[in-house]
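J.: I have a structure I would like to understand better, so I am pasting it below and will then ask my questions one at a time.
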Amino acid sequence: MSRLTRLGFIDVRRTANPVRRRVRSRGIPPALDGHEIFYTEDIGESAVMLGKALSPCTLTVGDIGSQQFAASLHGVRLRDVSLLYVDLTVAASLDIPATGPSFAVHMPTNGRAVCVSRGRSFEANTIRATVASPGLPLTMRFDHDSPQLVVRIEQEALERHLTRLLGKSLGPPIEFEPEMDLAKDAAMRWHGAIQLMHTEVFYEGSMLQSGHGIGPLEELLMSTLLLLQPSNYHAQLIRPAEQPGRRVVRAAVDYIEAHLRERVTMTDIAENVHMSVRAIQQGFREELGTSPTLYLRERRLQRAREDLTDATSADGLTVTDVAERWGFNHLGSFAVLYRKRWGESPSETLRR
């Protein structure tokens, strides 16, 4: 819960009522059972809270259902990936005019939801999920007793990850096909990634609970979604073009990612990818619109922000520790670059 508050994901709150109407167990995933974000029997309040967790929306419940309505949301946020469990208990309609700056995979754990996306109507159920892409409308009409497990991925993070996988800047925004088949053999990789996330959140003493492995786990989830679910970039991922410039960029990016904590020069990159400095610089300009040096600095700033964001008071981490870890040896220069990139000082991020 403290992580949810610190990252500004949602205003964490519980009902102010001293006594709740008794609601039977809804099959909340064990990892989320102790992470209630809200519970309310007020339809308007529920719409506001769901709007913060998913996207601004309108929630409609029939006259009969309104008498039995009780909504709850459980969830945890790692860094750029959140695992949520939404339960409205009764038949209801959720209308999202435009999805916010995140992708969301909605997976009913019981019942069904009839979804309308981009003029297409289809059913989401326990073997078919809905994938919502930013900026697009989505309507979901839930049957009675149709809770959902939702994986939310921040748009900027997924775009950044796809850029590294492709070795080039993105053109149009990522748009996934809205229907996701969870019964096909390939979907087992998606189920496996979700189960790993659930296990890491649930078990005390896990790598995640110890503050390690957040980045690799999130990258696994993002890569799995990108490689399994059709999108406007899917063909480029599974059948990458063989342009020499792009191959150079991918090789250089891989080397940079593996040596972010070390001193890296253009000569080091050139020697390890077996290309000239000029070819690498030209490839970065053409494919990423930047230079290798600026790309390296940006990635180090991103990793520094991740460390500062994830830190807790028990870690004893300082801004100096993080700056030196990611190759910023002059604290003043690091603070200036950090504020220019993120709009706040490193110490402000650490204190949240």
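J.: Which of SER82, MET222, VAL249 sits farthest toward the positive end of the charge dipole of the chain, with +1 on the Cβ of Lys and Arg and -1 on the Cβ of Asp and Glu?
T.: After comparing all options, I get VAL249.
J.: Which whole-number percent gives the relative contact order of the chain, counting Cα pairs below 8 Å spaced six or more residues apart?
T.: 12
J.: Right, next: Could you order peptides 83-92, 226-235, 118-127 by the average number of other Cβ atoms within 10 Å of their residues, highest first?
T.: Sorting 83-92, 226-235, 118-127 by mean packing, highest first, produces 83-92, 226-235, 118-127.
J.: Please find the FRET efficiency linking LEU331 to THR163, where r is the Cβ-Cβ separation and R0 is fixed at 22 Å, and quote it to the nearest 0.05.
T.: Plugging the Cβ-Cβ distance into 1/(1 + (r/R0)^6) gives 0.15.
J.: With a 1.4 Å probe and all protein chains kept in place, how do HIS212, HIS106 rank by accessible area, largest first?
T.: Accessible-area ranking of HIS212, HIS106, largest first: HIS212, HIS106.
J.: 5 Å is the cut-off here: which amide hydrogens, built 1.01 Å from N in the peptide plane, fall below it relative to LEU136, excluding neighbours closer than 5 in sequence?
T.: Close amide H contacts, sequence-distant or interchain: THR99.
J.: What nm value, rounded to one decimal, do you get for the distance between THR126 and LEU227 when each label is placed 7 Å out toward the C-beta?
T.: Rounded to a tenth, the inter-label distance reads 2.9 nm.
J.: From the backbone phi of segment 125-132, what are the Karplus-calculated ³J(HN,Hα) couplings (6.51 cos²θ - 1.76 cosθ + 1.60, θ = phi - 60°) in whole Hz, Gly and Pro given as x?
T.: 8, 6, 10, 9, 9, 10, 10, 9
J.: Quick one: putting +1 on the C-beta of Lys and Arg, -1 on the C-beta of Asp and Glu, what dipole do you get for segment 29-89 around its Cα centre, in Debye to the nearest 20?
T.: Roughly 300 debye, rounded to the nearest 20.
J.: Of the candidates PRO134, PRO101, PRO172, which one comes out as most mobile in a Gaussian network treatment of the chain with C-alpha springs shorter than 10 Å?
T.: PRO172
J.: Run the Debye formula on the Cα coordinates of segment 271-324, all scatterers equal and no solvent, and tell me log10 I(q)/I(0) at q = 0.12, 0.14, 0.15 1/Å.
T.: Summing over Cα pairs of segment 271-324 leads to -0.44, -0.54, -0.58.
J.: Another question about this same structure. Can you tell which of PHE122, LEU208, GLY171 lies farthest toward the positive end of the dipole of the chain, using +1 and -1 charges on the Cβ of basic and acidic side chains (Lys, Arg; Asp, Glu)?
T.: So the residue we want is GLY171.
J.: Going by accessible area, probe 1.4 Å, with all protein chains left in place, what is the ranking of GLU298, GLU344, GLU175, largest first?
T.: Output order, biggest surface exposure first: GLU175, GLU298, GLU344.
J.: Relative to the longest principal Cα axis of the chain, at what angle does helix 277-288 sit, 0 to 90 degrees, rounded to 10?
T.: Between helix and principal axis, roughly 20 degrees.
J.: Now, a different point. Which value does Rg/Rh take for segment 247-351 over its C-alpha atoms, Rh per Kirkwood?
T.: Rg divided by Rh gives 1.03.
J.: Taking Cα atoms, how many degrees apart are the long axis of helix 43-53 and the longest axis of the chain, rounded to 10 and kept between 0 and 90?
T.: 10
J.: Here's another thing I want to ask about it. Name the residue, out of ILE96, ILE43, ILE238, whose mean-square fluctuation peaks in a Gaussian network model built on the chain with Cα pairs under 10 Å.
T.: Between ILE96, ILE43, ILE238, it is ILE238 that shows the largest mean-square fluctuation.
J.: Using the alpha-carbon centroid of each, what span in Å lies between segment 309-349 and segment 108-144?
T.: When both Cα centres are located, 41 Å separates them.
J.: Once you charge only the Cβ atoms, +1 for Lys and Arg and -1 for Asp and Glu, what is the size of the charge dipole of the chain about its Cα centre, to the nearest 20 debye?
T.: Value, rounded to 20: 440 debye.
J.: log10 I(q)/I(0), Debye, Cα-only the chain, no solvent, q = 0.09, 0.14 Å⁻¹?
T.: Normalising to I(0) and taking log10 leaves -0.56, -1.22.
J.: Hey, another quick one. In percent, how large is the relative contact order of segment 247-351, given Cα pairs closer than 8 Å and 6 or more residues apart?
T.: Here the relative contact order equals 24 percent.
J.: Keeping every protein chain in place, order GLU177, GLU218, GLU257 by accessible area at 1.4 Å, biggest value first, i.e. largest first.
T.: My answer, sorted largest first, is GLU177, GLU257, GLU218.
J.: Treating the angle as unsigned and between 0 and 90°, give the value, to the nearest 10°, between the Cα long axis of helix 155-166 and the longest Cα principal axis of the chain.
T.: For 155-166 against the chain, the angle is about 40 degrees.
J.: Next question. Please report the base-10 log of the normalised intensity I(q)/I(0) for segment 153-244, using a Debye sum with one equal scatterer per alpha carbon and no solvent, at each q in 0.12, 0.13 (1/Å).
T.: Relative scattering, expressed as log10 I(q)/I(0), comes to -0.44, -0.51.
J.: Assuming R0 = 30 Å, what is the FRET efficiency of GLU257 and ARG118, from their Cβ-Cβ distance, to the nearest 0.05?
T.: 0.30
J.: A further question follows. To the nearest 10 square angstrom, what accessible area does VAL105 show with a 1.4 Å probe?
T.: Using a 1.4 Å probe on the heavy atoms, I get roughly 0 Å².
J.: Return the distance in nm (one decimal) between the two label points of a simple spin-label model at LYS340 and ASP33, each offset 7 Å from Cα along Cα→Cβ.
T.: Here the answer is 5.1 nm between the modelled labels.
J.: Given points 7 Å out from each Cα along the Cα-Cβ axis, report the THR320 to ASP95 separation in nanometres with one decimal.
T.: Between THR320 and ASP95, the simple spin-label model gives 5.8 nm.
J.: Ok, one more. Sequence gap at least 6, Cα distance under 8 Å: using those rules, report the relative contact order of segment 30-238 to the nearest whole percent.
T.: Reported relative contact order: 19 percent.
J.: Return the Rg/Rh value of segment 30-238, two decimal places, where both radii are evaluated on C-alpha atoms and Rh is the Kirkwood radius.
T.: The Rg/Rh ratio comes out at 0.96.
J.: Cut-off 10 angstrom, C-alpha nodes, Gaussian network model of the chain. Which of VAL151, VAL48, VAL336 fluctuates the most?
T.: VAL336
J.: Would you list which lysines come within 21 Å of LYS340, measuring only between C-alpha atoms, while excluding same-chain residues fewer than 8 positions from it?
T.: Here the lysines satisfying the reach criterion relative to LYS340 do not exist.
The values are calculated or read from the model by the stated rules, or taken from the named source; none is laboratory data. For clarity, every value in this text was computed on a predicted model and none was experimentally measured. Quick reminder, even Gly has a Cβ in these numbers, built from the backbone with ideal geometry, and neighbours come from all protein chains shown. All accessible areas refer to the heavy atoms of the entire protein, side chains included, with ligands and DNA or RNA removed. Shrake-Rupley method; radii C 1.70, N 1.55, O 1.52, S 1.80 Å.
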